[in-house]
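Each remark here refers to the structure printed beneath this line.
Taken together, the values in this text are just the output of simple stated rules run on the coordinates, not laboratory data. All values derive from a computational prediction rather than experimental measurement. All Cβ positions, glycine included, derive from the backbone under ideal geometry; neighbour counts span all protein chains shown.
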Amino acid sequence: MSHHTPEPASAGASPAPTPDAAAKTRVVILFGGRSGEHGISVATAGGVMSAIDRSKYEVVPIGITPKGQWVIAADEPERWAITDGKAAEVPASAAEVVLPLTVGDAALRVLEPGRVPSALADVDVVFPLLHGPYGEDGTVQGLLELADARYVGSGVLASAVGMDKHFMKMVFAGQGLPIGPYTVIKPGDWERRRDVVLQTVEPLGLPLFVKPARAGSSLGVSRVDSLDDLDAAVEEARRHDPKVIVEAGIAGREIECAVLGGRGGERPRASLPGEILVTDETKNGFYDYEAKYFDEAAVQLSCPADLPEHVIKQVQEIAVRTFEAVSAEGLARVDVFVTPEDQVVVNEINTMPGFTPFSMYPRMWDASGLSYPELIDELIQLALERPTGLR
């Protein structure tokens, strides 16, 4: 399936004079959050702040602290970058930001102890760069729906389904998408019915991949090559989520495809697929959280992936079908396996994929002819085009 490249946007780098601000679209860049991926969200925000077209958009950075407080954040991209292998954190503040919850009210307000609440700005669109629970899972999307705010990315249901690997696979299977064998360990089953759990796990064979059902970015994921190691892997996953998914290992190459919503009711668009080439330095034998964000030597990203043309088209078509299966909007990254027989098996969908300039999602679009600043512009335009409420 070929993709259609949107009209390019110019990549302005410096803020325009304030008098012009009224003519610009006001964008809240929302980042940080309560999940274990706080630091990556912060780094993503720094990347978007540096690349967004300042001649077209006025940026209002709002950070969410690890404890869930919403605060005004500095519009300083370099402050939020990963430096010396460490991610920055949104600091707490005495001044809290409050979202409107009345239809027709688009004003953010600042609450400070002992002061009258003050209006910060009317918001045109929110760009939630949040990863993991309390941000990517439909919770913040629900809050934005209550506020009648336009926002980038998937709505409540698609976000929730995309965060829960158990229900995600049920939806994929219901839509006839090819998925691998798996089983789910529900909260309580591990303590009370371990023998039954083992009976469902053993037929999956080895290796196994044990994952928290609702954590993103490979946090808490273990590869299990012997059932003796299953206990430790389940306990590690349960540190992140009481519900655990156990997947059969699939012999095949890990291929990713970036999907972008369609304009004006058109079908979603698929990028050229990419492949993560994990080097020997990767400690855990798969593309884990550390390799993804902090260990650039461990991975090489190849885009377009070295695949026959008919397999590329198949990956693109299945990626679009996966996007449509969960009713995703805006953006998503679809991860698949391509077997030695050229079969495509869907692994998962990520409705708010890594979005730093070095992440796979923007890099796949860049290889497909859409630069990082143009991609940011297209996502904001898709959000502005979309009506609020039921759709």
Pairs 169/313; 24/67; 86/186; 186/313; 67/211: which are spaced more than 30 Å apart, C-alpha to C-alpha?
24/67; 86/186; 186/313
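Taking every DSSP beta bridge with both residues inside region 18-153, roughly what % is antiparallel (nearest 5)? Kindly include the intermediate steps, with their values, before the conclusion.
Numbers: 11 of 25 bridges.
Here the antiparallel bridges make up roughly 45 percent for region 18-153.
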Among GluC sites (Glu not before Pro) in region 218-278, those in a DSSP loop whose Cβ has at most 12 other Cβ atoms within 10 Å are 266
So, R0 is 41 Å and r is the distance between the beta-carbons of residue 317 and residue 143; what FRET efficiency does that work out to, to 0.05?
0.75
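Sort 255, 250, 72 so that the residue with the fewest other Cβ atoms within 10 Å of its own Cβ comes first and the one with the most comes last. Please report the intermediate quantities before stating the final value.
Details: 255 23, 250 19, 72 16.
With the fewest neighbours first, 255, 250, 72 line up as 72, 250, 255.
Compute the Cα gyration tensor for region 18-153, then decide on rounded, prolate or oblate, letting a ≥ b ≥ c be the square roots of its eigenvalues: rounded whenever a/c is under 1.5, prolate when a/b is larger than b/c in the other cases, and oblate in all that remain.
Values: a/c = 1.39, a/b = 1.20, b/c = 1.16.
Rounded.
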Could you give the semi-axes, largest first, of the ellipsoid that matches the chain, computed as the square roots of 5 times the alpha carbon gyration tensor eigenvalues and rounded to whole Å?
35, 24, 20
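Please report 101, 208 as a ranked list, fewest other C-beta atoms within 10 angstrom at the top and most at the bottom. Please list the in-between numbers first.
Numbers: 101 10, 208 24.
The order, fewest Cβ neighbours first, is 101, 208.
Over the chain, what is the percentage of antiparallel beta bridges among all DSSP beta bridges, to the nearest 5? Write down the numbers at each step before the final one.
Numbers: 45 of 60 bridges.
If I count the DSSP bridges inside the chain, around 75 percent turn out antiparallel.
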When the helices in the chain are scored as -39500 (n - 2.57) per DSSP H run of 4 or longer and the sum is shared across all residues, what 222 nm value do you end up with, to the nearest 500 deg cm²/dmol?
-8000 deg cm²/dmol
The exposure ranking of 312, 376, fewest beta-carbon neighbours within 10 Å first, is 312, 376
Ordered by number, the GluC sites (Glu not before Pro) in region 291-391 that occupy a DSSP loop and have at most 15 other Cβ atoms within 10 Å are 341
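Working out 0.36 nm times the residue gap between residue 84 and residue 391, then minus their Cα-Cα distance, what length gain in nm do you get to one decimal?
Details: separation 307, 0.36 × 307 = 110.52 nm, distance 4.42 nm.
The span from residue 84 to residue 391 would gain 106.1 nm if fully extended.
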